[in-house]
1. What ³J(HN,Hα) values, in whole Hz, does the Karplus curve 6.51 cos²θ - 1.76 cosθ + 1.60 give for region 47-61 when θ = phi - 60°, with x put for Gly and Pro?
2. What longest region of the chain stays clear of trypsin sites (Lys or Arg not before Pro) that DSSP places outside H, G, I, E and B and that have at most 14 other Cβ atoms within 10 Å?
3. Can you give me the distance in nm between label points at D48 and H63, each placed 7 Å from the Cα along the Cα-to-Cβ direction?
4. Per residue of the chain, what 222 nm ellipticity follows from adding -39500 (n - 2.57) for every DSSP H run with n ≥ 4, rounded to the nearest 500?
5. How far, in degrees from 0 to 90, does helix 73-95 lean away from the longest principal axis of the Cα atoms of the chain, to the nearest 10?
6. Roll a 1.4 Å probe over the protein chains and send me the accessible area per residue for region 1-87 in Å².
7. If you place +1 on the Cβ of every Lys and Arg and -1 on the Cβ of every Asp and Glu, how big does the dipole about the Cα centre of region 56-96 come out, in debye to the nearest 20?
8. Given Cα pairs under 8 Å that are at least 6 residues apart, what percent is the relative contact order of the chain?
Amino acid sequence: MLDTRLNSYRRARNLTYEALGAELGVKRQTANRYCLPKAAADHRRPGDLPSEQLKALTCGLIHAGNYAEEISEAEAVRMMAAIEVAERAQLEARHD
């Protein structure tokens, strides 16, 4: 089963569309539309501010250039592992 990078992230973090929207500074419906594949009729591309929020939220691993790419479950697992490694590195850098 394929899913978009952003929706894979949302599901892995157990975020509702409302919670994801709050993280990105947009409404629930807008967050839902960001999570759809580009071919979907209701798909929307994030604007500049939500794109920056998304990049910060995911340590740069999900961004305006790849958020709607459809990936497999195995690719999603690898992506989330990379995000967790980047988050740990950021935390360690703050403590140094």
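The values are calculated or read from the model by the stated rules, or taken from the named source; none is laboratory data. Remember, it's a predicted structure, so these values are computed and weren't measured experimentally. Cβ: placed from backbone, ideal geometry, glycine included. Neighbour counts: every protein chain shown. Note: areas computed on protein heavy atoms with side chains; ligands, DNA, RNA excluded. Shrake-Rupley method; radii C 1.70, N 1.55, O 1.52, S 1.80 Å.
1. Taking θ as phi minus 60°, the curve returns x, 4, 5, x, 5, 5, 4, 4, 4, 5, 4, 10, 6, x, 7 Hz for region 47-61.
2. Details: sites that count: R13, K27, K38.
Excluding the exposed sites themselves, the longest stretch runs over 39-96.
3. With each label point 7 Å from Cα toward Cβ, the separation is 1.6 nm.
4. Details: 5 runs with 57 residues, N = 96.
One gets -18000 deg cm²/dmol as the mean residue ellipticity at 222 nm.
5. The helix 73-95 is inclined about 40 degrees to the chain.
6. Working: 4930 Å² over 87 residues.
Per residue, region 1-87 has 57 Å² of solvent-accessible surface.
7. Details: 3 positive and 8 negative charges, 30 e Å.
For region 56-96, the charge dipole is close to 140 debye.
8. Details: 113 pairs, mean separation 31.2, N = 96.
In percent, rounded to a whole number, it is 33.
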